[in-house]
Amino acid sequence: MSTITEIPDDTTFHTHMASLPFTALAVISFHTPWAAPCKQMRLILETLATSYPPESPPTISFLALDAEDLPDISESYDVTAVPFLVLERDGKVLETVSGSEASKVRDAVERHAGKRGNTGKLGLPPALEATPRENGDEGMRGEQSKDLSGYAPGSGDAKTAPEMSSTEGQKEELDKRLGELVKAAPVMLFMKGTPSAPQCGFSRQLVGLLREKGVRYGFFNILADEEVRQGLKEWSEWPTFPQLYLKGEFVGGLDIVKEELESDPEFFSEYQAAPKGKGGMAAPEAQTAPIST
């Protein structure tokens with residue numbers, strides 16, 4: 001049976017794609033490790049791969065790429081959300097599938113690779129859902145039936161109640177910090193890298209867009225602060241970067257900003273402090289404190 005090949009870097013990806021015969025189908029899965037739907041997609045692809053025996057030369061190849069770790073490849077395939085599946089043959093994209101619906105993924109793969117084996121009985125995983133424990137009440141009743149009236153904890157027993165942790169306090173401190181960061185400048189960009197050295201294609205595009213519109217902005221390099229990086233995902237309820245804020249209000253990522261500009265070309269008019277094409281930071285770059293305007 002075929003397996004999924006993990007792609008760790010750009011060179012491995014291009015080398016692998018170049019090694020495939022022009023007739024072979026490449027099933028390219030873009031994912032991130034923190035997104036539950038990506039885990040679902042992984043199960044779907046692993047199940048489908050079992051129905052395609054390995055051949056020489058190969059007729060199908062399943063690839064998995066971390067969209068955040070390989071931003072240039074993600075950008076080249078216009079990946080703005082994960083999971084995202086690309087079906088490619090001979091350098092041409094045949095079809096894309098966004099999301100982890102098993103039937104859509106299976107239909108797309110079988111449509112371009114042909115049906116192998118009995119994929120209808122492979123047991124593709126259903127949508128994620130919480131399943132209650134069926135025997136939970138019985139277990140509780142069994143514990144309650146014991147006579148504990150004479151019990152007293154010994155010195156070696158675990159404490160009957162956990163000590164209070166500082167987790168809640170730490171979250172409050174982080175929330176306070178994030179609240180200050182998003183308002184540090186009228187326009188705040190949370191990005192990977194710095195405006196002069198972006199570390200992902202999406203961040204680079206958004207910096208270029210702000211510069212094109214003559215917008216003065218502050219920035220924060222989330223790669224240098226994991227606490228802010230993870231906390232901001234929950235704060236904004238938006239799992240990817242870059243993220244743009246106007247006057248402390250979350251706007252969105254690159255695709256949302258583009259949509260705003262398409263519907264309103266003057267979207268940034270209030271924040272234009274430089275001739276178009278010459279926007280940027282108001283002071284030298286710094287990581288510990290965002291640049292104010």
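Where a number appears in this text, it was derived from the coordinates with a stated rule and is not lab data. In this text, all values refer to a predicted model and were calculated from it rather than measured experimentally. Every residue, glycine among them, receives a Cβ derived from its backbone with ideal geometry; neighbour counts consider all protein chains shown.
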- Note on the structure: Asp90 vs (1) crowded, with 18+ Cβ neighbours inside 10 Å; (2) farther than 19 Å from Asp255 by Cα: all pass except (1)
- Task: Could you grab me the full set of residues in the stretch 39-79 that are touching a residue at least 12 places away in the same chain (Cβ under 8 Å), over 30 Å from Phe241 (Cβ atoms) and not aromatic (Phe, Trp, Tyr)?
- Result: Thr47, Leu48, Ala49, Thr50, Ser51, Pro53, Pro54, Pro57, Pro58, Thr59, Ile60
- Task: Evaluate the following for Arg106: is it buried (at least 20 other Cβ atoms within 10 Å of the Cβ), in a helix (DSSP H, G or I) and out of contact with any Cys (no Cβ under 9 Å at 6 or more places or on another chain)?
- Result: yes
- Message: Return the residues of the stretch 241-271 that are farther than 21 Å from Phe220 by Cβ and buried (at least 17 other Cβ atoms within 10 Å of the Cβ); say none if nothing qualifies.
- Response: Phe267
- Of all residues in the stretch 187-240, which are surrounded by fewer than 19 Cβ atoms within 10 Å (Cβ to Cβ), of a type in the set (A, V, I, L, M, F, W, C) and more than 17 Å from the chain's Cα centre (by Cα)? Ala197, Leu209, Ala224
